[in-house]
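These notes are about the structure you will find just below.
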């Protein structure tokens, strides 16, 4: 099902222009076109992927620089990437635009409470994109910048997700509730099992809140929730990391959406079959009641 993308007049995140490294982050940045794209670098012997990247850069109007292996001064950690992109920061949207753009019975937003690790943010963004999430809410403090590390961890998924930063998460949750969202928190201490929770709890539009590993959700955030659910655990380790827990909850929400859609489609098919059946029975009755040759 196609996702409704948030359209707004974006403003920049509080981050500097960056260098994106690796095939997937660079390719998705070129495809999405949400950043300022300054220069694509391809280094070393030509690879099969170069043709696609050149075509994407040409379509985006981005200059391409090709150079011999080891000739560039750019370094990213212990290894030099064969592809990197000089780019501006990702734009962010206002909370109001994010909420207005996420409508319908399957609309989903995700909010992060104190998740500061770039790898976790990137992994969550990848999961959010895979499950059709319409946007991610971050706090201005206690959330990482949208960096190359986040992009790599997301395999470029951040290029397709609207991000919003808010000064106060509790106020943002209340605003979402006033706009008609159900706000659900993933909390290991919750009494209700995720898989036993009522469908009405997980129905959209909804906003899922996940907390930092160890600290979990803050008390003020918990008080702003409509519902809390926990993931049942059977092993010796008491919890999942935040990105894995987010994946479990989002895919359960998606599973229920699909079941509800299948049930609705089945009901419509049965009604249509019933209408067709009545029509055929009516025609047979008319033929039986009409003597041959009469008009």
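Miscellaneous remarks
- Flag if residue 239 is closer than 18 Å to residue 193 by Cβ, touching a helix residue (DSSP H, G or I) at 6+ places or on another chain (Cβ under 8 Å), assigned to a loop (DSSP other than H, G, I, E, B) and modelled with pLDDT under 95: yes
- Residues located in the range 211-230, provided they are out of contact with any strand residue (DSSP E or B) (no Cβ under 7 Å at 6 or more places or on another chain) and either assigned to a loop (DSSP other than H, G, I, E, B) or over 24 Å from residue 175 (Cβ atoms) (or both): 213, 214, 215
- Test: residue in the range 158-170 that is farther than 21 Å from residue 122 by Cα and touching a strand residue (DSSP E or B) at 6+ places or on another chain (Cβ under 6 Å): no
- Being within 21 Å of residue 241 (Cα to Cα) and either touching a residue at least 24 places away in the same chain (Cβ under 8 Å) or in the same structural domain as residue 21 (by TED's automatic domain parsing) (or both) holds for only one residue in 167, 162, 145, and it is 145.
- Whichever residue in the range 28-51 is farther than 15 Å from residue 90 by Cα and touching a helix residue (DSSP H, G or I) at 6+ places or on another chain (Cβ under 7 Å) and, among such residues, is surrounded by the fewest Cβ atoms within 10 Å (Cβ to Cβ): 49
- Selection status of residue 146, closer than 18 Å to residue 28 by Cα, over 12 Å from the mean Cα position of the chain (by Cα) and crowded, with 20+ Cβ neighbours inside 10 Å: yes
The values are calculated or read from the model by the stated rules, or taken from the named source; none is laboratory data. Model, not experiment: these values are computed from the prediction. FYI the Cβ positions are ideal-geometry reconstructions off the backbone, even for glycines, and counts take in every protein chain you see.
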